[in-house]
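To keep things clear, I will list the structure first and then write my remarks on it.
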Amino acid sequence: MVRPLLNVEDYRVVARRRLPKVVFDYIDGGAETEQTMRANAASFGEVFLRPRGGTRPEQVRVGTTVLGEPVSMPVLVAPCGGARVVRPEGDLAGARAAAAAGTVFIQSGMSNHRLEEAAAATTGPLWFQLYHLGSRELTEAVVERARRAKVRALVVTVDCAAGSVRERDRRNGVPALLGTNRLKALPRTPQLLAHPRWLAARLTDALVPELGNVIGADGRARVLGRDFIPRTCSFADLDWVRAAWGGPMVVKGVLTPEDATQAVEAGASAVVVSNHGGRQLDGAEATLRALPDVVAAVGDRCEVLLDGGVRTSTDVLKAVALGARAVCIGRPWMYGLGAGGQAGVAGVLQLFQDGLQRNVALLGCSDVAEVGPQHVRAPAGWLATSPEKEASRG
Ligand SMILES: Cc1cc2nc3c(=O)[nH]c(=O)nc-3n(C[C@H](O)[C@H](O)[C@H](O)COP(=O)(O)O)c2cc1C
């Protein structure tokens, strides 16, 4: 009997079965003790919804806008590098599934497909995530490519001041597998041979695909972990990045009101409250916990998005109630990709769409725009008091 895929965890279980351990753990794992990764998901369990009864909406609207872009639901697809290692169609599958679901696909700067390929593969809204490529010239060159490809927003990730340690990757031999010394990689290959379908797909593509959007001064694409480690653009870089880009800029990886304010001052149209899904600084605060303070700090000066640990439509509603315009999902779409390619990503997005339709109604609303702080109970001390509120209280 085929097991129905009723939630994100079901897709995760199928992905774990279909992928070699090294690939599954690359998606599933976090930095060091994985405290932050666990805390992201656990923090949703600390917040409860407060439904109003006695309503029976004829129609429920869950669509919204993000940076003026109409989307079918407040759920965007987060930038995740390495999707092509999961399935050869990687980012293209993600972009197509997001477009079909009516939402934004954010292509990672560490993606393997060239951003022009993703732009050609989809009619849906495409955003591009930027890292510093080692020099201003190389970084500006990819920004220029994104502009020409009609990417609608640039997402600048600021939480990678250094490379992190993901212990699962080390244990599974990622450094050896990415390296050029095939002899060192040899002891690591049985885990790949145990997944012949995955391996056959990889061998017809490239065992270790290049980074299609990290082109060195020599014109050659780099390989993640072999000759390129992603690094953050600093706040000081944002001036020239914004000038080179000229469109909406989103700053991803904000956890404090101080950084949110600095991002706004640097010209961000939106910030993403994010700790990289617990893949960078282990011990960093859970994003849902950080959200209210950031929302209070930026007010209506920019939109606030959130990612990290969002697994259900009620998680989305909790984040929206606490002030997020929308959320982004990282691992969920990668599990969908591993479980079933484009159809798997589509299935995951459909879970969120169906769940939002149902749970917005159960919350007593007919439009997701009505969802606000009155619909949640968060632990004492979570709801921030803004300086403005304090001042008006005298
Ligand atoms: C496999 C994987 C690769 C990722 N690659 C990137 C990346 O290249 N750039 C980036 O800004 N964030 C990257 N992220 C972080 C996501 O954009 C997002 O912040 C995080 O996954 C959200 O948490 P969640 O996975 O619990 O939804 C990656 C996440 C995963 C799981």
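Can you spot a residue in segment 129-141 that is surrounded by fewer than 17 Cβ atoms within 10 Å (Cβ to Cβ), basic (Lys, Arg), away from the ligand (no atom under 11 Å from the Cβ) and over 30 Å from residue 372 (Cα atoms)? Walk me through it before giving the result.
In the first step, residues of segment 129-141 are kept if they are surrounded by fewer than 17 Cβ atoms within 10 Å (Cβ to Cβ); the result is 134-138, 140-141.
From what's left, basic (Lys, Arg): 136.
Then drop every residue that is not away from the ligand (no atom under 11 Å from the Cβ), which leaves 136.
So of that shortlist, the ones also over 30 Å from residue 372 (Cα atoms) come out as 136.
Yes, segment 129-141 contains a residue that is surrounded by fewer than 17 Cβ atoms within 10 Å (Cβ to Cβ), basic (Lys, Arg), away from the ligand (no atom under 11 Å from the Cβ) and over 30 Å from residue 372 (Cα atoms).
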- Query: Taking residue 38 and the conditions (1) part of a helix (DSSP H, G or I); (2) touching a Ser or Thr at 6+ places or on another chain (Cβ under 9 Å); (3) within 15 Å of residue 330 (Cα to Cα); (4) not aliphatic (A, V, I, L, M), which numbered condition does it fall short on, given that it satisfies the others?
  - Reply: (2)
- Task: Output the qualifying pairs, or none if there are none: Cβ atoms under 7 angstrom, residues six or more apart or on different chains, first residue in segment 207-225 and free of Cβ contacts under 8 Å to residues at least 12 places away in the same chain, second residue β-branched (Val, Ile, Thr) and buried (at least 16 other Cβ atoms within 10 Å of the Cβ).
- Result: 221/214; 221/215
- Query: Among the residues of segment 165-191, which ones are closer than 20 Å to residue 32 by Cα and part of a loop (DSSP other than H, G, I, E, B)?
  - Reply: 165, 166, 172, 173
- Considering only residues of segment 113-128 that are in contact (Cβ under 8 Å) with a residue 24 or more places away in the chain, open to solvent by 10 Å² or more (accessible area, probe 1.4 Å) and more than 16 Å from the chain's Cα centre (by Cα), which is farthest from the ligand (Cβ to nearest atom)? 123
- Just give me the residues in segment 271-285 being of a type in the set (A, V, I, L, M, F, W, C), touching a residue at least 60 places away in the same chain (Cβ under 8 Å) and buried (at least 24 other Cβ atoms within 10 Å of the Cβ), in sequence order. 272
- Determine the pairs where a residue that is without any contact (Cβ under 8 Å) to a residue 40 or more places away in the chain, located within segment 166-192, has a partner that is open to solvent by 30 Å² or more (accessible area, probe 1.4 Å) and of a type in the set (D, E, K, R) with Cβ atoms under 8 Å apart, the partner being 6 or more residues away or on another chain. 176/184; 176/188
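Scan segment 65-86 for residues that are open to solvent by 30 Å² or more (accessible area, probe 1.4 Å) and either more than 13 Å from the ligand (Cβ to nearest atom) or without any contact (Cβ under 8 Å) to a residue 24 or more places away in the chain (or both) and report the count.
Our first condition is that a residue be open to solvent by 30 Å² or more (accessible area, probe 1.4 Å); within segment 65-86, this holds for 65, 67-68, 70, 72, 84-85.
From what's left, either more than 13 Å from the ligand (Cβ to nearest atom) or without any contact (Cβ under 8 Å) to a residue 24 or more places away in the chain (or both): 65, 67-68, 70, 72.
Selection size over segment 65-86: 5.
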- Message: For segment 320-334, give me each residue that is open to solvent by less than 10 Å² (accessible area, probe 1.4 Å), over 14 Å from residue 106 (Cβ atoms) and either within 15 Å of the chain's Cα centre (by Cα) or not hydrophobic (A, V, I, L, M, F, W, C) (or both).
- Response: 324
- Task: For residue 350, state whether it is open to solvent by 20 Å² or more (accessible area, probe 1.4 Å) and more than 13 Å from the ligand (Cβ to nearest atom).
- Result: yes
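The values are calculated or read from the model by the stated rules, or taken from the named source; none is laboratory data. As the structure is a computational prediction, the values presented were derived from the model and not from experiment. So basically every Cβ, Gly included, is an ideal-geometry build from the backbone, and we count neighbours across all protein chains shown. Surface areas here come from the heavy atoms of the whole protein model, side chains and all, with no ligands, DNA or RNA. Shrake-Rupley method; radii C 1.70, N 1.55, O 1.52, S 1.80 Å.
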